[in-house]
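Worksheet for the structure shown next.
The values are calculated or read from the model by the stated rules, or taken from the named source; none is laboratory data. Not measured: the values here are computed from a predicted model. When we count neighbours, we look across all protein chains shown, and the Cβ atoms used for this are built from the backbone with ideal geometry, even at glycine.
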Amino acid sequence: MPTVVPDEIIRSRRKTLAITVDPFARVIVRAPLHCSEARIFAFLEEKQGWIFKQKEKMKGAGICLPPENLDGYAFLLLGKTHTVRLTDEKNVRYDGEANIVYVPKANARERLVKWLKENAKRIFSDLTARTAARMGTQYKYARVNSARGRWGSCSGENGIHYSFRLLYAPKDVVEYVVVHELAHTKYKNHSQTFWAEVAAYVPDWKVRRAWLKAHGALMEVF
């Protein structure tokens, strides 16, 4: 019995074995089509020291996928760790002092996602309006979607969309995304002029953008 058991084995026409540990500490093996399981497990055993180090590193990042039973699940909300508690109550209830989100047991995941989207819409809409006034620009609308590929976007008609998952990010990172998308109402590119506009309102935008890149795995949460 191997010490390391892979979470997924992906076979393809590749010629070599490869192991990755994803942001959720899952061990993924990529193997040639006809590679035997014996060879795969021998390779896992050979690399188990590296695998355990990577798993601990990813676990230390504090990002994990929600389990089937959400009770006790911890996730980020505006950059702060919050805990889900399942209850017999009828509605979702938020305790901002204890950082606990109380969610009805029935259809818990759906109820929590609905609550997250509602709050994302309220928070992002308000912040976009206030920031647009400060930047002296206009936009067509600000909406929330379930995009996983990007945190925010601005259409050619200046319609702004945010993934509700941006709600996981710290407030200053959310502010950066809002400024970034509003800057696109003036410049439909990523030219030096565009970045100068962003820097005028978020001087440390590179630091805030780095947070988004480092926490891209949050796009998979809910």
So which residues in region 140-149 are assigned to a loop (DSSP other than H, G, I, E, B) and among the charged types (D, E, K, R)? Lys140, Arg148
Determine if region 97-109 includes at least one residue that is surrounded by 18 or more Cβ atoms within 10 Å (Cβ to Cβ), at pLDDT 95 or above and either under 20 Å from Met219 (Cα atoms) or touching a Cys at 6+ places or on another chain (Cβ under 7 Å) (or both). yes
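Matching residues to (1) surrounded by 12 or more Cβ atoms within 10 Å (Cβ to Cβ); (2) basic (Lys, Arg); (3) in contact (Cβ under 8 Å) with a residue 12 or more places away in the chain; (4) touching a Gly at 6+ places or on another chain (Cβ under 7 Å):
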{"site": "Arg13", "(1), (2), (3), (4)": "no, yes, yes, no"}
{"site": "His34", "(1), (2), (3), (4)": "no, no, no, no"}
{"site": "Ile51", "(1), (2), (3), (4)": "yes, no, yes, no"}
{"site": "Cys64", "(1), (2), (3), (4)": "yes, no, yes, no"}
{"site": "Gly72", "(1), (2), (3), (4)": "no, no, yes, no"}
{"site": "His82", "(1), (2), (3), (4)": "yes, no, yes, no"}
{"site": "Asp95", "(1), (2), (3), (4)": "yes, no, no, no"}
Filter region 182-214 down to the residues that are in a helix (DSSP H, G or I) and under 19 Å from Gly79 (Cβ atoms) and list them by number. Trp205, Lys206, Val207, Arg208, Arg209, Ala210, Trp211, Leu212, Lys213, Ala214
So if I check each of Arg143, Arg150, which one is in contact with a strand residue (DSSP E or B) (Cβ under 8 Å, 6 or more places away or on another chain), charged (D, E, K, R) and under 30 Å from Lys57 (Cβ atoms)? Arg150
Only residues in region 173-186 that are touching a residue at least 24 places away in the same chain (Cβ under 8 Å) count as the first member; pair them with residues that are in a helix (DSSP H, G or I) and of a type in the set (Gly, Ala, Ser), Cβ under 7 angstrom, at least 6 apart or cross-chain, and list the lot. Leu182/Ala132
Could you give me the residue pairs with C-beta distances under 8 Å whose first residue belongs to region 118-129 and is assigned by TED's automatic domain parsing to the domain that holds Val144, whose second residue is assigned to a helix (DSSP H, G or I) and among the β-branched types (Val, Ile, Thr) wherever it lies, and which are 6+ apart or on separate chains? Ile123/Val174; Phe124/Val174; Phe124/Val178; Leu127/Val174; Leu127/Val178; Thr128/Val178
Against the condition closer than 21 Å to Glu118 by Cα and either in contact with an Asp or Glu (Cβ under 8 Å, 6 or more places away or on another chain) or touching a residue at least 24 places away in the same chain (Cβ under 8 Å) (or both), how does Phe43 come out, does it pass? no
For Val198, are the conditions met, namely being free of Cβ contacts under 8 Å to residues at least 40 places away in the same chain, touching a Leu at 6+ places or on another chain (Cβ under 8 Å) and not assigned by TED's automatic domain parsing to the domain that holds Pro23? no
From Leu77, Leu166, which residue is under 21 Å from the mean Cα position of the chain (by Cα) and outside the structural domain of His215 (by TED's automatic domain parsing)? Leu77
So Val221 clears everything in (1) without any contact (Cβ under 8 Å) to a residue 40 or more places away in the chain; (2) closer than 24 Å to Pro67 by Cα except one condition, right? Which one? (1)
